Amino acid sequence: MLIISISFVLFIGVAALSWYILFTLRGVNPPLGKSVLHVGSAAFDVEIANTTTTRARGLSGRESLAENEGMLFIFNSPGIHGFWMKDMKFPIDFVWIRGDKVVGVTENAAPEPGVAMWNLTLYYPPEDVTHVLEVPAGTVEKRSIKMGDSAIMGK
């Protein structure tokens, strides 16, 4: 009887999670909480991705970002956090940040439509990071963002 009860609870849990993913998350990527991030002499209106769900979703499915917009990924601890371009519709630049300093950049990461998830290019920071800023491709060059620049939250 106990095995049947446990199996039933697991079945209901899996069914509920599947329903949630299928009908709630599928194709939906709502805006997140916002802040301002100053990187060097540039300022960006950023959406904050600071949970496992929001970091996993990222910018997937979004059509674009405006020139002064970005998404800031905030991690609980420093690490070599990898990124991919799953379901991305536009190219981006990555700004790798540790604490309040830029420690690297990756420019022009392009979407890979039609590529299987397990074959997508993975992008990694050059060292442990606490934050990652995603901005439209070309922003790093246009705004002259470089290693050593400050990265400060606030107005």
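Rule-based calculations on the coordinates, nothing more; no lab input. All values reported here derive from a predicted model rather than from experimental measurement. Cβ coordinates were reconstructed from backbone atoms using ideal geometry, including for glycine residues, and neighbour counts include every protein chain displayed.
Placing +1 on the Cβ of every Lys and Arg and -1 on the Cβ of every Asp and Glu, with no other charges, gives the stretch 31-153 a dipole of roughly 160 debye about its Cα centre. What is the stretch 31-153 by shape, rounded, prolate or oblate, if you read a ≥ b ≥ c off the alpha carbon gyration tensor as root eigenvalues and call it rounded for a/c under 1.5, prolate for a/b larger than b/c, and oblate otherwise? Note, shape of the stretch 31-153 comes out rounded.
Candidates THR52, SER41, TRP84 compared by Cα position along the dipole of the stretch 31-153: farthest toward the positive end lies THR52, with charges placed on Cβ. What separates the Cα centres of the stretch 89-155 and the stretch 51-75 is a distance of 11 Å.
In a DSSP loop and with at most 15 other Cβ atoms within 10 Å, the GluC sites (Glu not before Pro) in the stretch 86-152 are GLU127.
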